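Below you'll find the structure, written out as structure tokens, and then a few comments.
The values are calculated or read from the model by the stated rules, or taken from the named source; none is laboratory data. Just so we're clear, the structure is a prediction, and the values are computed from it rather than from any experiment. As a convention, Cβ positions derive from the backbone with ideal geometry for all residues, glycine included, and neighbour counts pool all protein chains shown.
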Amino acid sequence: MFECPICYQHRRKIVTLQCDHRICFFCWDKWAKREIHFYQKEWPTCPCCRLEQKPWYLSEKIQRIIVFVAFSILYLHFKNSNFTRYD
Ligand SMILES: [Zn+2]
Ligand SMILES: [Zn+2]
């Protein structure tokens with residue numbers, strides 16, 4: 001069974017964070033609530049490495065992919081429209 005690095009308890013309900021750190025649900029719930037309500041943070045951080053746990057659509061990895069896809073579509077669009085203009 002999984003041993004939580006925060007409370008050293010063996011837990012069934014675990015949470016995998018965006019940085020791949022895993023802690024038990026109870027510690028995460030307590031930690032995240034304290035981060036948001038007490039420290040007034042916009043997003044809770046990982047208790048192991050302090051990485052901000054943003055929703056998936058705001059994570060940098062996803063944003064980079066979205067920008068890449070958007071530019072690819074724009075590029076293809078302009079390439080094709082130039083092609084047809086001179087045809
Ligand atoms: Zn725990
Ligand atoms: Zn982490």
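Listing for the model above:
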quantity	calculated
Pick from the range 5-27, criterion within 21 Å of the chain's Cα centre (by Cα) and more than 11 Å from Cys48 (Cβ to Cβ), ranking: nearest to ligand 2 (Cβ to nearest atom)	Gln18
Within the range 38-64, tally of residues that are loosely packed, with under 11 Cβ neighbours inside 10 Å, within 18 Å of Phe25 (Cα to Cα) and at pLDDT 90 or above	2
Near pairs, Cβ below 9 angstrom, 6+ apart or cross-chain, from the range 17-30 (over 11 Å from Pro47 (Cα atoms)) to any residue that is aromatic (Phe, Trp, Tyr)	Gln18/Trp56; Cys24/Phe2
The range 29-82, residues that are of a type in the set (Ser, Thr, Tyr), more than 14 Å from the chain's Cα centre (by Cα) and outside the structural domain of Ile6 (by TED's automatic domain parsing)	Ser72, Tyr75, Ser81
Any hit, the range 26-40, residues being among the β-branched types (Val, Ile, Thr) and farther than 22 Å from Leu58 by Cα	no
